[in-house]
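See structure below.
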Amino acid sequence: MPSMDGLYTTSLISIALFLLLFSPSVAVDTIPANQVIKDGETIVSAGELYELGFFSPANSNNRYLGIWFKKISTGKVVWVANRELPLSNTSGILKVTRDGFLQLSCCGDTVIWSSNSSAFVRYINPVAQLLDTGNFVVKDGNSTDETDLIWQSFDYPSDTLLPGMKLGKDFVTGTNRNLTSWKSPNDPSVGHYVDYIDTNGYPQAFLRQGSVMQIRFGPWNGNRFSGEPNEKSNPIYSIEFVFNQKEVYYKFELKSSVVQIICLKWDGIIEMLHWNNRSQDWFVYSTGLIDICNRYGICGPNGICDINKNPPCNCMDGFEPKHEDEWNMADWSSGCQLKIPLDCQAAEVFWKMRGMKFPDTRKSWYNQSMTLGECEIACKKNCSCTAYANLDIKRGGSGCLLWFGELMDLKACEDSQDLYIRMPASLLKGLTGVSEPGFNKMIRVLASVFSILLTLLGLSLAVYASNMKKKRSSMKGRGRRVPSIDRHYSDVEKEDLQLNFFSLSQIAKATNNFSINNKLGEGGFGPVYKGVLENGQEIAVKQLSETSEQGYDEFYNEVICVGRLQHRNLVKILGYCMDGDERILIYEYMSNKSLDLFLFDENRSSMLEWPQRFDIIHGIARGILYLHHDSRLRIIHRDLKASNILLDHNMTPKISDFGIAREFGGDETTSKTKKVVGTYGYISPEYAVHGRFSIKSDVFSFGVLVLEIVSGKKNRDFSCEDINDNLLGHGA
């Protein structure tokens, strides 16, 4: 006869088995054939990242079968099965048939949704499984090949692109994988927006509202969609684009344990969302609409959109507005036309445009093996061809892409390819970068080179004569010292700063000949350009402007100061260039640019969380402490402000712009000047009024910076009724 302890143990085991088998939440990731999942039951992926079951959106009684995040952001739905046929009650069930189909039914045997399959065979052991990728698959349970699938949800995306999910078309099966928005935040039915890969011509991506194109991405240039920012070393995700006879698709894969998705919102905004564990919320990593120039065809046919210009729409050189009166009223939709129409019987040339997002490729032809020279010949032979370019930018460029008819959706942007535009040779005058095949091209180039050499020789003689005249005048003893360029060159060389000397040709090549598309900004010293050296290193190039308020002394001052100072919170100078009257400084490139862009821009300011603001304040303080006390020179910066604090890729602050800095001796504590330099709003009262400056001047500027970092408001632009007229007064 069993003991009481034995009966008690047996009862506990029976209860546990009952709870395990009949619990309303099925804690497994697989559904075998003919087993049903009822409303209220779910399956969970092996790593418990995703969950599948029935749900109702907020403020709705409709029931849908879907997949959502379980471990994080509970309720974030990433896939919906019955988008167009919601259930009105909780009677829905899901099962896998013996034929390998998923069936969603209700109210008895009424099937309201089912998966489709190209397989029409009866499987011995079909099963459905929710994977840790978020993919819901139907497969043969007896097969060990993980890629041998009967059906998968990844082939039928809703509004979310998960890592590893393909966006594109399978030419073999005809499957189109597009993102389609929800109709509203609480209605998963198919909305008005579609994000897809277009294959009419060379592949490119579109966002479409109904039949109206909203945004175009592309075409793919080997590294990214043409016109998109260049991400050379992204530590979070990698992008893959495949185009062959079987399929074309875009997808991204995560490199670490972060959670990141791409979502097409109900209002047509494409967002890459990143999960923040600390705040337990999603934040926008990037968006599809970068600026107004990303709107499809905003400047019309043959019009160029440049966000750095006002107005942003302009015609290409050699082109003019089709309807001048419409352009004067900021209506650019009619676009531009050639000043002289193309005529295959007349001489024609190709004008090279640098830094362009490639035009719409739906009226294009491509060849992946042709060279650029062969591409030019092919375009020249076809009277309808209006432009050509390399297809792929990798390894110096390869392939051929030809456009026919008007060029649509052009945009000026950094790090983009060269585009060759066809135009009559009679428009050659005044244009630069024009290519012309054959013997005439060689004659024209030789004539141009000879003319340039004669001009340079004449200019050199004139400059030499002028310098000799100035030198004789100086020797007559006017009583004042004229700054000598040669003196500064030799002084820099004598300093032995271990700085690299760059030739002007190196800098011109790195900055695409100081292209406007490479320009990062402009300060008192002159314009600053982004450049890439031959070894791939990114640099910032600071060129002394002819109209600059600063001069050779400031250039020398900055080379000496920054060259002899080494600290993680000071910008690092890599080298310099002195060629004739050219004075150029080369710095490490700061990918996040300057602090003022984050503080005073409403969209970016929210990206700076409090710990990050504190780290920036701390870093600036460390840099100032080094300048005042720990370096071998005692340096007073004299122009500390938000725009002179640069941020690297880790948001580490680095003090820059030492053009007006002053070196103090060991016992020197204060100095006086008649010329007050710096930026009002940051300089101390005793310096502004009496010209006295010391290390306390930098401390005052640092205090203003701290107020701006904490408040997100600019000192001189801040005002508060009935109190004071700036941030300092309000803080007091």
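Any read-out appearing in this document is the output of simple, stated calculations on the displayed coordinates, not a laboratory observation. Note that the coordinates shown come from a computational prediction; the quantities given were computed from them, not determined experimentally. Quick reminder, even Gly has a Cβ in these numbers, built from the backbone with ideal geometry, and neighbours come from all protein chains shown.
Things to note:
- Listed by Cβ neighbour count within 10 Å, with the fewest neighbours leading, 91, 701 appear as 91, 701.
- The stretch between residue 36 and residue 238 holds 68.9 nm of extra length on full extension. This uses 0.36 nm per residue minus the Cα-Cα distance.
- With 25 Å as the limit, the listed pairs 169/352; 357/394; 357/519; 654/713; 357/654 have 169/352; 357/654 beyond it between alpha carbons.
- Annotation: peptides 100-111, 139-150, ranked by per-residue average of other Cβ atoms within 10 Å with the highest first, follow the order 100-111, 139-150.
- Order of 361, 199, 160 under a 10 Å beta carbon neighbour criterion, fewest first: 199, 160, 361
- Ranked by the mean number of other Cβ atoms within 10 Å of their residues, highest first, the peptides 250-257, 331-338 come out as 331-338, 250-257.
- Cross-link pairs 166/593; 322/380; 71/714; 76/251 - those with Cα-Cα distance over 31 Å: 166/593; 71/714
- Under 13 Å, Cβ to Cβ, from residue 48 - net charge with Lys/Arg +1 and Asp/Glu -1: -1
- Neighbour counts of other Cβ atoms within 10 Å put 695, 421, 507 in the fewest-to-most order 695, 507, 421.
- Label-point separation in nm, residue 514 to residue 310, each point 7 Å along Cα→Cβ: 2.5 nm
- Equivalent ellipsoid semi-axes - Cα gyration tensor, region 226-308, angstrom: 27, 20, 13
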